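Trainee: After the C-alpha cells below, expect a handful of questions from me.
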Amino acid sequence: MVYTEDLKSSAVRLAGSSPAPGTKFMKKISVSYFDTYTNHRNEPYFTFLKNGQKTIEGRIKKELYGLIKTGDHIIVSNKEESDSIEVVVKRLQSYPSVRSMLETEPFKKLIPNAENIEQCIEIYEKFYSPSQEKEFGVVAIEVEKVN
C-alpha cells in the first residue's frame, strides 16, 4: 500500500484501504530514468558537436542505435579520449535511407561542413553501405548538450 502527503501534510490514499497504524508516509516525487551510453567521434564531427553546430546524429538503426530512446544521455569523446561532452537525446526519427533522412532533416545539422545533400551522402557512404541501410534503416538522433 502506498500513501503520500499533500502540501498540508494530510495523507492521501493512493491504493487499498485506510492506512494501518504505524504506516510510513512519503512525499510524492517524480523521478526520470534514462540510460547513458558512450560513443566516440572523429574530427571534425566531435568539434562540431561540442560547438553546437552538429545537433543531429545520423546512424544505421542497429544494435544500441535501435534501442536508444528520448531522454537518454550519451557521453561523446573525441577519438583520443582527451575531451568529452554529454548530450541528451531530444528526438528520434526513423528513415528507410540516408537520402530520405537528409531530404527531411536540415543537412547542415548533420554534416555542418557539407555544401549540399550529395556531399553528405558521399560522407555517409564512407561509414555505411546501401545494404546496411536497407536491412536496418536509419535513425536521426537530435541531441542537446547537457550543461
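Trainee: Only one of (1) farther than 16 Å from residue 41 by Cα; (2) over 19 Å from the mean Cα position of the chain (by Cα); (3) without any contact (Cβ under 8 Å) to a residue 40 or more places away in the chain is not met by residue 133, so which one is it?
Mentor: (3)
Trainee: When you scan region 112-130, how many residues do you find that are in contact (Cβ under 8 Å) with a residue 60 or more places away in the chain and either among the aliphatic types (A, V, I, L, M) or in contact with a Leu (Cβ under 6 Å, 6 or more places away or on another chain) (or both)?
Mentor: 0
Just so you know, all these numbers are worked out from the coordinates, no wet-lab data involved. None of the values given here were measured: they were computed from a predicted structure. Every residue, glycine among them, receives a Cβ derived from its backbone with ideal geometry; neighbour counts consider all protein chains shown.
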